[in-house]
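J.: Input: one structure, supplied below.
The values are calculated or read from the model by the stated rules, or taken from the named source; none is laboratory data. Given the structure is predicted, the values throughout are model-derived calculations rather than measurements. When we count neighbours, we look across all protein chains shown, and the Cβ atoms used for this are built from the backbone with ideal geometry, even at glycine. When the accessible area is computed, the model is the full protein with side chains, heavy atoms only, and any ligands, DNA or RNA have been set aside. Shrake-Rupley method; radii C 1.70, N 1.55, O 1.52, S 1.80 Å.
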Amino acid sequence: MKQVRPKKNLGQHFLTDLSIAKRIADTVDEPYPELPVLEVGPGMGVMTQYLVEKPRPLKVVEIDRESVAYLRENFPRLNNNIIGGDFLRMDLHEVFEGQQFILTGNYPYDISSQIFFKMLDNKELIPCCTGMIQHEVAVRMASQPGNKQYGILSVLIQAWYDVEYLFTVEPSVFNPPPKVQSAVIRMTRNAVTDLGCDEQLFRRIVKATFNQRRKMLRVSLRQIFDVNHPAPTGFFDNPMMTRRPEQLSIPEFVELTNKVSAVF
């Protein structure tokens, strides 16, 4: 079968360097070498060829029909483990019948954040996630409080996962080359089982404050309250309200969420 043509509308940039493909595939080996693996967006299987050799169950999900046909022809060992569909629409409990699994892939840049939000929604199923994303996004995910890269993804992911920035990948090893650098990361579930606050409100506050990241909390938080749920008297007088979101640690966002939740 002929090679699959990269499709711009799907954000496809096919990795061509086999040594890098193997390095990414090998990121799934720690710290859960026994769990099954789900690969997102395998394309022509440059990573799949290394993942399929590992002594563990493997499934792949691919939205591009041409790529699915290519995989079925070239990876007969996968049998019925090639899923033609949209990862973002999948019920992840059905993939391995409710069993935990490792998520990996060369993720499309334009939906990588959506993929990780879905991971967060299924964090009890996914104790580890590895793969390649846009360098800028990887830096944000791994950033700590106090720098300009620290943001929504940093807080929401690090609340539940330890993030490792593993290595950088140059544009020249892709077809077609992207206009930016890429990076490989690994996220491993931490020991947190309960944030100690309303998780949905926590997300809402993190997003609301970082959407106005240059403003003090006393300004960005006003949108959280309304006529039916007014801010308590003196709420904005708290010294924390003079800070900006990138200055807050995750425990401080939890504390802030609990202060706000008293109103609702």
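J.: For the chain, what is the relative contact order in percent, using Cα pairs closer than 8 Å and at least 6 residues apart in sequence?
T.: Values: 429 pairs, mean separation 42.7, N = 264.
Relative contact order, the chain: 16 percent.
J.: Could you compute how much accessible surface D91 exposes when probed at 1.4 Å, giving the result in Å² to the nearest 10?
T.: Around 80 Å² of this residue is reachable by solvent.
J.: Now a separate question. V169's amide H: which non-local residues (gap 5+, or another chain) put their own amide H closer than 5 Å, with H modeled 1.01 Å from N in plane and none for Pro or chain starts?
T.: Placed amide hydrogens put S182, A183, V184 under 5 Å from V169.
J.: Mind putting together the pair-distance distribution for region 180-226? All Cα pairs, 10 Å bins, whole percent per bin, short to long.
T.: Binned Cα distances yield the sequence 21, 33, 30, 17, 1.
J.: What is the percent carbon and sulfur in the accessible area of the chain, measuring with a 1.4 Å probe over the protein chains and ignoring ligands?
T.: 48
J.: Which of the residue pairs K179/K215; K148/K207; K123/K215 have a Cα-Cα distance greater than 25 Å in the structure shown?
T.: K179/K215; K123/K215
J.: What's the Kirkwood radius of the chain in Å, using all Cα pairs?
T.: Numbers: mean 1/r = 0.0503 Å⁻¹.
Evaluated on the chain, it is 19.9 Å.
J.: Let me ask something else about it. Per-residue ellipticity at 222 nm for the chain, helices alone: DSSP H runs ≥ 4 residues times -39500 (n - 2.57), over residue total, nearest 500 deg cm²/dmol? The partial results should precede the final answer.
T.: Numbers: 9 runs with 75 residues, N = 264.
Value at 222 nm, helices only, nearest 500: -8000 deg cm²/dmol.
J.: Sorting T16, T188 by accessible area (1.4 Å probe), largest first, what list results?
T.: Details: T16 80, T188 20 Å².
So, going from the largest accessible area down, we get T16, T188.
J.: How much accessible area does K54 have with a 1.4 Å probe, in Å² rounded to the nearest 10?
T.: The accessible area comes out at roughly 30 Å².
J.: A further question follows. Can you tell me the mean projection area, over all orientations, of the convex hull of region 142-264's alpha carbons? Units nm², please. Display every interim value, and only then the final one.
T.: Values: hull surface 37.7 nm².
For the Cα atoms of region 142-264, the hull's average projected area reads 9.4 nm².
J.: Magnitude of the Cβ-charge dipole of the chain, K/R +1 and D/E -1, about the Cα centre, nearest 20 debye? Numbers along the way, then the final one.
T.: Values: 31 positive and 30 negative charges, 194 e Å.
Here the chain has a charge dipole of around 940 debye.
J.: Largest first, how would E164, E39, E124 line up by accessible area (1.4 Å probe)?
T.: On the way: E164 75, E39 5, E124 115 Å².
From most accessible down to least: E124, E164, E39.
J.: In Å², and per residue, what accessible area does the chain have when probed at 1.4 Å with the other protein chains present? Don't skip to the end; give the middle numbers.
T.: Values: 12780 Å² over 264 residues.
Per-residue accessible area for the chain comes out at 48 Å².
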